[in-house]
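Colleague: Provided herewith is a single structure, encoded as structure tokens, for subsequent inquiry.
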Amino acid sequence: MLNALHTRIIAVMAFLVAVAALSAGVGWVGYMSALDQLEQRGQSDLALASDRLTSELHRYRELAVLMADHPIVAATVDGDATGVAELLRQTADKTGSLDILVVSVAGRELASASGIGAELHRQQPYFTRAMDGALGVFHLVHSRYGQRTFLFASPVFSDAGPVIGAVIVVVDVDAVEAVWRGARPTVFFTDELGVTFISNRSEMVFMAREVGMTTRSATAEYAPDLLRPFMTHSVVDRRGRAVWTVQGQRYVPRAALHLSLPLPVIQMTGEALLDVAPAQLLALLLAGVAAAICLAFGAMLFLATERRRTLADANAKLEGAVQTRTAELSRANAELRHEVGERTATEAQLKKAQSDLVQAGKLSALGQMSAGISHELNQPLMAIRSYAENAESYLERGNTDIAGQNLGRIADLARRMGRIIRNLRSFAKQESEALTDVDLRSVMVAVLEMTQARAKSSGVDIAWTAAETPLIVRGGEVRLQQVVLNLVTNAMDAMEGQKNVARVEIDVEKIDDRVELRVRDTGPGLDEPDRIFDPFYTTKQVNQNAIDQDEVGQNGMGLGLSISYGLVQSFGGMIRGRNHPDGGAIFTVTLDATHPREAAP
Ligand code: ADP
């Protein structure tokens, strides 16, 4: 978890660094191209300004040359100064020159438009150059005029050839500057020592680029306190362009692209300072836009990644939960299957035990009945024997009719015995067939045949009126016989040895889709009606000699009713036992009725 957080933080930081680098790159490219444009424009502006200055100064330079050829000037140099002062004054006025001087070879002033000064020009570089026959050019802050001046010194040649003097035209730099002061961009012209002499920003004048430049010997005219450094720092790019940081200037940009153009004609260098603030602003803007786009894109990407990560996390959690749940379910399933297996096995055991019990019950019933049965079979046997003996003697006497009647009775008795034995056999058989439609009437007939003998011997009256129509129920015939037989036998057991009337009433009633079979006796009733269906609940004495002593039915196991309960339930029916309000016990068996037509097969 912590690792994932670290990775994310590192990824975000790396992204931010990349965005910063990209934005810086974009900004830099924008800045460079803006500087290119600025440079182009500045170059032409600087060229234009330089042109203006040189052509302006050119006028004075030509004036110096022309004046040197003037006859009055030549005469002045030769010693005749008549009219020269007037000429010089007029010319200076007309041309806007500050002064025009005529100087001898020795450097002494012979004439001047502003009056002759005592200044000696001999040592000055412009003068020596003029004496060499060339045009001397010089600039200085002239103490005589108290301002910046530009000097052009033209040699005056004698007719024979050598230089005999010079004409010096003094130009007022302020007047030249006045025309383009304040124009854009900032342009200034520096001398060979880097001191600004002419500029369209007055604050730039006398400024030196660097501090060291203030120690100047050749131009003592500069007042040292005027010379100040103005450029603090410059950055030069690959293409040699320098961006200066300018300090303390109100009308000069703080950061400016520096351009220069050498002007050998006036022995100066034209320089321009172009404000780079717009270019920087543009670069910043470009960098900002690039950064914003990248950040927006990055944020979207980050959000999408976060979303995906959250989804994946949730998914993983869900899968984990599902796996755990599946494992739990599988375990529960296996346990259930195991339980079901156990239950099935138990059920099978139960079924087996039940069927064993049924069989045991049946055999026990048979055991209880055997005395009655033997009596039942014995009687017809005895009758058959006497009928046979009688038939024999009748035959001896030739009375065949009566002998025939006797034989007919023997046949009837034999049929009756056969029926009894058949009933007993089918009762003893272990029945496991599926449920079928059974007519309760035939069940009753079989039960009555099996109990008739005992009823007769015990003096019990069994009341049963067979219905006209079949009473069909769902069940197993022999099992139903067992249930009813048990109820009738229990009733007879209860009334055994009773003084008052011993009677068993059996009736069957069809109520809607159900058939109710009721067995009621006139005995003492149930001692504990709630317990009669409990297995092994019995109130009867166990007597091993019961059969020998002809006490049929007194040998209780306490299983009869519990087995009957299970059997009736397996038919989907119900068995109840209670005491009748008029005395005695009444048992009710309720079973599903089947329509006689359905039961045809
Ligand atoms: P058993 O007949 O072997 O005792 P049963 O399950 O058939 O076992 O009967 C359980 C008990 O229910 C009997 O011992 C008896 O006390 C009581 N019982 C059943 N039928 C009657 C009845 N008709 N009258 C009185 N008691 C009865």
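Colleague: Going residue by residue through the stretch 462-471, is there one that turns out to be within 16 Å of the ligand (Cβ to nearest atom), over 26 Å from residue 357 (Cα atoms) and not in a strand (DSSP E or B)?
Modeller: Within the stretch 462-471, none of the residues are within 16 Å of the ligand (Cβ to nearest atom), over 26 Å from residue 357 (Cα atoms) and not in a strand (DSSP E or B).
Colleague: Considering only residues that are among the hydrophobic types (A, V, I, L, M, F, W, C), surrounded by fewer than 23 Cβ atoms within 10 Å (Cβ to Cβ) and under 13 Å from residue 52 (Cβ atoms), which ones fall in the stretch 169-189?
Modeller: 176, 178, 179, 180, 183
Colleague: Which of (1) away from the ligand (no atom under 11 Å from the Cβ); (2) modelled with pLDDT under 90; (3) farther than 17 Å from residue 364 by Cα; (4) out of contact with any Asp or Glu (no Cβ under 6 Å at 6 or more places or on another chain) is the odd one out, the single condition residue 476 does not satisfy?
Modeller: Failing condition for residue 476: (4).
Colleague: Looking at the stretch 518-530, is at least one residue within 9 Å of the ligand (Cβ to nearest atom), among the small types (Gly, Ala, Ser) and surrounded by 14 or more Cβ atoms within 10 Å (Cβ to Cβ)?
Modeller: yes
Colleague: Tell me which of these residue 529 doesn't satisfy, since it passes every other one: (1) at pLDDT below 90; (2) farther than 22 Å from residue 444 by Cβ.
Modeller: Condition not satisfied by residue 529: (1).
Colleague: Quick one: is residue 166 crowded, with 22+ Cβ neighbours inside 10 Å and either within 15 Å of residue 63 (Cα to Cα) or modelled with pLDDT of 90 or more (or both)?
Modeller: Values: crowded, with 22+ Cβ neighbours inside 10 Å: yes; either within 15 Å of residue 63 (Cα to Cα) or modelled with pLDDT of 90 or more (or both): yes.
It is true that residue 166 is crowded, with 22+ Cβ neighbours inside 10 Å and either within 15 Å of residue 63 (Cα to Cα) or modelled with pLDDT of 90 or more (or both).
Colleague: Got a sec? Which of 298, 367, 288 is closer than 30 Å to residue 537 by Cα and either at pLDDT 95 or above or surrounded by 12 or more Cβ atoms within 10 Å (Cβ to Cβ) (or both)? I'd like the intermediate steps shown before the answer.
Modeller: Working: 298 fails: closer than 30 Å to residue 537 by Cα; 288 fails: closer than 30 Å to residue 537 by Cα.
None of the others qualify; the one that does is 367.
Colleague: Checking residue 213 against (1) at pLDDT below 75; (2) in a strand (DSSP E or B), only one condition comes out false. Which one?
Modeller: Answer for residue 213: the failing condition is (2).
Colleague: Restricting to the stretch 101-133, name every residue that is part of a strand (DSSP E or B) and closer than 17 Å to residue 164 by Cβ.
Modeller: Within the stretch 101-133, 101, 102, 103, 104, 109, 110, 111 meet the criteria.
Colleague: Okay, moving on. Given the conditions (1) buried (at least 16 other Cβ atoms within 10 Å of the Cβ); (2) in a helix (DSSP H, G or I); (3) in contact with a strand residue (DSSP E or B) (Cβ under 9 Å, 6 or more places away or on another chain), report the number of the one that residue 493 does not fulfil.
Modeller: It is condition (3) that residue 493 fails.
Colleague: May I pose another question? Select from the stretch 66-94 the residues that are over 26 Å from residue 134 (Cβ atoms) and outside any helix (DSSP H, G or I) and list them in ascending order.
Modeller: Selection gives 80, 82, 83.
Colleague: So which of 444, 417, 492 is within 16 Å of the ligand (Cβ to nearest atom), out of contact with any Cys (no Cβ under 9 Å at 6 or more places or on another chain) and in contact (Cβ under 8 Å) with a residue 40 or more places away in the chain?
Modeller: On the way: 444 fails: within 16 Å of the ligand (Cβ to nearest atom); 417 fails: within 16 Å of the ligand (Cβ to nearest atom).
It is 492.
Colleague: Consider only pairs whose beta carbons are under 9 Å apart and that are at least six residues apart or on different chains; among these, list those whose first residue lies in the stretch 71-90 and is under 11 Å from residue 165 (Cα atoms) and whose second residue is aromatic (Phe, Trp, Tyr).
Modeller: Every condition considered, the pairs that remain are 74/157.
Colleague: Of the conditions (1) in a helix (DSSP H, G or I); (2) surrounded by fewer than 20 Cβ atoms within 10 Å (Cβ to Cβ); (3) not hydrophobic (A, V, I, L, M, F, W, C), residue 42 fails just one. Which one is it?
Modeller: (2)
Colleague: Next up: State all residues of the stretch 570-591 that are of a type in the set (S, T, N, Q), within 15 Å of the ligand (Cβ to nearest atom) and either farther than 21 Å from residue 435 by Cβ or not in a strand (DSSP E or B) (or both); if no residue qualifies, say none.
Modeller: Let us first name the residues in the stretch 570-591 that are of a type in the set (S, T, N, Q), namely 570, 579, 588, 590.
Retained after the next criterion (residues that are within 15 Å of the ligand (Cβ to nearest atom)): 579, 588.
Within the stretch 570-591, 579 is the sole residue that qualifies.
Colleague: Answer yes or no as to whether residue 55 is of a type in the set (Ser, Thr, Tyr), over 60 Å from the mean Cα position of the chain (by Cα), exposed (fewer than 14 other Cβ atoms within 10 Å of the Cβ) and over 30 Å from residue 287 (Cα atoms). Steps first, please.
Modeller: Working: of a type in the set (Ser, Thr, Tyr): yes; over 60 Å from the mean Cα position of the chain (by Cα): yes; exposed (fewer than 14 other Cβ atoms within 10 Å of the Cβ): yes; over 30 Å from residue 287 (Cα atoms): yes.
In short, yes.
Colleague: Considering (1) modelled with pLDDT of 80 or more; (2) under 20 Å from residue 181 (Cβ atoms); (3) not hydrophobic (A, V, I, L, M, F, W, C), say which one residue 249 fails and leave the rest.
Modeller: (1)
The values are calculated or read from the model by the stated rules, or taken from the named source; none is laboratory data. Values in this document were obtained by computation on a predicted structure and should not be read as measured data. Ideal geometry is used to build each Cβ from the backbone, glycine not excepted, and the neighbour counts take in all protein chains shown.
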